[in-house]
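Accompanying notes for the structure given below.
The values are calculated or read from the model by the stated rules, or taken from the named source; none is laboratory data. Because the structure is a prediction, the values reported are computed rather than measured. Ideal geometry is used to build each Cβ from the backbone, glycine not excepted, and the neighbour counts take in all protein chains shown. All accessible areas refer to the heavy atoms of the entire protein, side chains included, with ligands and DNA or RNA removed. Shrake-Rupley method; radii C 1.70, N 1.55, O 1.52, S 1.80 Å.
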Amino acid sequence: MTVTPISALPPRTFAEQRRKITVLTAPPTEPLGALTVATLTAGMDAACRVAQEGTRFAATASETLNQPAVCEPSSASVPARSNYEGSIAVFRYFDETNPGAADPTGDVLFQALKVKGTPVYVVESLTGKDWDEEWEAGDEYSVFAVTTDNWQRQADPHAGYIHVTIPLTVQDAELNGVVAGTAGA
């Protein structure tokens, strides 16, 4: 086995402002692992509408299967069904002329997610690209098919910007998606 010397590796990538989050409110027509540029561009850019703290989409430990044959010498477990978790901390935006009402443009993400049981797809990318760069064929991403639970007010309503946390149940996920150039590509 040949090991590349550390000095020959490219520089590490700083993570700040590299996290891109797109929310799809309709099921994609293509496979989750090959979403197209058109599908992703049509989604809602959520990177500036969510708080870093409280927003998490991730795989968790898989269930395990421990069912050795009688002739096998060990009872080693193997990974089985995958498990995931998700939550999203959404900033609220209110109408400047009527501060008691939601702003129709700024509050669009909360409005799309506020009803318990709403199915959406959350696409997250953390690569060397900045969060505001356009999706391109070949970009890596993870996508989570989620259902919203009841939203929760922030713990301290007198601190920071008004936001809510929405727990998400993950129905399906693809951790290793690569953006396809066109439908069917």
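The table that follows gives values for the structure above.
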item	result
Residues that are closer than 20 Å to L24 by Cα and at pLDDT below 95, drawn from segment 59-102	A59
Only one of V164, V78 that is hydrophobic (A, V, I, L, M, F, W, C) and in contact with a Lys or Arg (Cβ under 9 Å, 6 or more places away or on another chain)	V164
Any chance T165 is open to solvent by 30 Å² or more (accessible area, probe 1.4 Å), under 13 Å from the mean Cα position of the chain (by Cα) and within 24 Å of F110 (Cα to Cα)	no
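Yes or no, residue by residue, for (1) of a type outside the set (D, E, K, R); (2) loosely packed, with under 12 Cβ neighbours inside 10 Å; (3) farther than 22 Å from L32 by Cβ:
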{"residue": "W131", "(1), (2), (3)": "yes, no, no"}
{"residue": "F144", "(1), (2), (3)": "yes, no, no"}
{"residue": "T148", "(1), (2), (3)": "yes, no, no"}
{"residue": "P157", "(1), (2), (3)": "yes, yes, yes"}
{"residue": "D172", "(1), (2), (3)": "no, no, no"}
